[in-house]
Amino acid sequence: MSQTFKTAPHGRRILALMDTTTAQATGALRHLSDLPGPKGLPFLGNALQLRPRKVHADIEALAQQYGSLFRMSIGRAQALVVADAALVSGVLRDRPDGFRRPDVTAQVSDEMGGERGVFLAEGTAWRNQRKMVMQAFAPHAIKAYFPLLARVGTRLQARWAQAAEEGRPVALNADLKRYTVDVIAGLAFGEEVNTIEHGDDVVQQQLELIMDGTARRSLLPVPYWRYVKLPYDRKLEAAVLAMHEATNGFIAKARQRMQDDPARAERPQNMLEAMLAAAAQEGSSIDHAAVVGNVSTMLLAGEDTTSSALAWLVWLLSRHPEALQRAQEEVRRVAPDPSGFTIEQMDQLEYIDACAHEAMRLKPPAPFIPLQANRDCVVGDVQVPQDSVVWCVLRHDSVSETKLRNAAEFDPQRWLDGSNARQLAMPFGSGPRLCPGRYLSLLEIKVAMACLLGRFNLVSVEGDSEEYHGFVMSPGALTMRLSPIAG
């Protein structure tokens, strides 16, 4: 394992991450049992102290109490909680060799009939899938897809224009989820599902339940569903079956397109076609299971993360008039007309980009990442045995007044001034497993915000602004009121 260091204010280098043998030679090490942490119950550990929908906030509060390195337990499993940004970055950068997704996450997915796409794949399987997925989400591929993205944005703006004309509030979360589903379905599968105009389809209806169920089961200390099925579990299983049918439908349509037009095998027009072409090659490491897994992964990851980030951004702007006015002025100067959107215009929306990053610093869709050690190692000065869970808290230093000036304030300008926020906030993760869809996500945010701010005044955003954690950290139901701009 490579050595990673951070530098303390007084210039002393602090060990961030290295292998156990090297660390033992540097001096005393602590064990998990030596660390402070909340007392737990026999067999259950701290599980009852962690609310499933507020688990992120509960662990962040524990970090405030016990420091940036402490222990906790979920059931019988001991975990090291790491809230120091430099240490978290070191852990994330040591994937996939040093750390993996927790076994329980893959087990829950397997029990629900899921296939392991790039999100859950490890080792060689991950490397093979990652290369293919990165090609699909590369900037040049997104640029070719941009006209469809702009069309989806235009449909969203038309929906909002009708609501503004009729004086109706907009169901913000729901509309943003329709938008992101339409975008990802078009890019990844070549399907214009158009939920914005036609209403929810089976995919969107089931996504939220599956994401919530996966997150909930991953945190429970006792897998009760293996022995007794509650009504919730039966609904979850029905949602999984519906998703399988939808996924197989996407794949069947893509196969038919490629059969009708064999040239698509050489020049795939979306990620699904690229995966099917790769799977068809002799000796390919991409099989049908990998194709199915990545179809599901793109839907699950692409729908909720970006829509949540957008909802938080709109909510924050509604409460900061100066930032809202500056964002409006930039959009109306650079990209006022959705029918003429270009990717070059989106690249020029620098303040909108700063607003997006600032919103994700304060309200990250993924406020933590749990991992599992592949071998004995040391994090900070703590000896971590193989297979131990390392719980990385991503929102701690990034909102600490000791690390960042006016950390509690929504201040997009900090991202234009070279602030150290870029080193403290990791909304897309860090290291080799950095989110492959980050460029698309930011582009989606810019298009949606340009559609909103270019034609409307944001009158208000009301509703449940509490933080809730499921698959990602989202607000409750928000409603938005708009008025058309004059002229």
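The values are calculated or read from the model by the stated rules, or taken from the named source; none is laboratory data. Keep in mind the model is a prediction, meaning the values are calculated, not measured. Every residue, glycine among them, receives a Cβ derived from its backbone with ideal geometry; neighbour counts consider all protein chains shown.
Observations on the model:
- Verdict on A215 being out of contact with any Ser or Thr (no Cβ under 9 Å at 6 or more places or on another chain), more than 20 Å from A138 (Cα to Cα) and in a helix (DSSP H, G or I): yes
- Residue in region 449-466 that is out of contact with any Pro (no Cβ under 9 Å at 6 or more places or on another chain) and within 26 Å of L87 (Cβ to Cβ) present: no
- Taken together, the residues in region 436-468 that are under 28 Å from E60 (Cβ atoms) and in contact with a strand residue (DSSP E or B) (Cβ under 9 Å, 6 or more places away or on another chain) amount to 8.
- Residue that is surrounded by the fewest Cβ atoms within 10 Å (Cβ to Cβ) [pool: residues in region 67-96 that are at pLDDT 95 or above and among the hydroxyl-bearing types (S, T, Y)]: S68
- Test: I251 is closer than 24 Å to Q129 by Cβ, part of a loop (DSSP other than H, G, I, E, B) and in contact (Cβ under 8 Å) with a residue 12 or more places away in the chain: no
- Among residues that are closer than 21 Å to D347 by Cα, touching a Phe, Trp or Tyr at 6+ places or on another chain (Cβ under 7 Å) and assigned to a helix (DSSP H, G or I), L187 is included.
- All conditions but one from (1) at pLDDT below 90; (2) surrounded by 16 or more Cβ atoms within 10 Å (Cβ to Cβ); (3) under 24 Å from the mean Cα position of the chain (by Cα) apply to Q107; the one that does not is (2).
- Highlighted here are the strands (runs of 3 or more DSSP E) found entirely within region 414-487 that include at least 1 residues which are modelled with pLDDT of 90 or more and among the basic types (K, R): 478-484.
- Which listed residue is out of contact with any Pro (no Cβ under 6 Å at 6 or more places or on another chain), at pLDDT 95 or above and under 18 Å from S68 (Cβ atoms), from D397, D411: D397
- Screening L452 on (1) under 28 Å from A215 (Cβ atoms); (2) buried (at least 18 other Cβ atoms within 10 Å of the Cβ) shows it passes everything except condition (1).
- Only one of the numbered conditions (1) surrounded by 21 or more Cβ atoms within 10 Å (Cβ to Cβ); (2) closer than 26 Å to S318 by Cα; (3) in contact (Cβ under 8 Å) with a residue 40 or more places away in the chain; (4) not hydrophobic (A, V, I, L, M, F, W, C) is violated by Y145, and that is (2).
- Top-ranked residue in region 28-45 [being at pLDDT below 90 and part of a loop (DSSP other than H, G, I, E, B); ranked as farthest from the chain's Cα centre (by Cα)]: A28
- Matching residues, region 193-208, being modelled with pLDDT under 80 and not in a loop (DSSP other than H, G, I, E, B): H198, V202, V203, Q204, Q205, Q206, L207, E208
- Residue among D387, D381, D353 that alone is at positive phi and surrounded by fewer than 23 Cβ atoms within 10 Å (Cβ to Cβ): D387
- Criterion (surrounded by fewer than 21 Cβ atoms within 10 Å (Cβ to Cβ), under 20 Å from R159 (Cα atoms) and acidic (D, E)) met by exactly one of E237, E245, E208, E197: E197
- Residue match in region 294-311 (condition: surrounded by fewer than 19 Cβ atoms within 10 Å (Cβ to Cβ) and among the acidic types (D, E)): no
- Which numbered condition A252 fails, given (1) closer than 25 Å to E208 by Cα; (2) hydrophobic (A, V, I, L, M, F, W, C); (3) surrounded by 12 or more Cβ atoms within 10 Å (Cβ to Cβ): (3)
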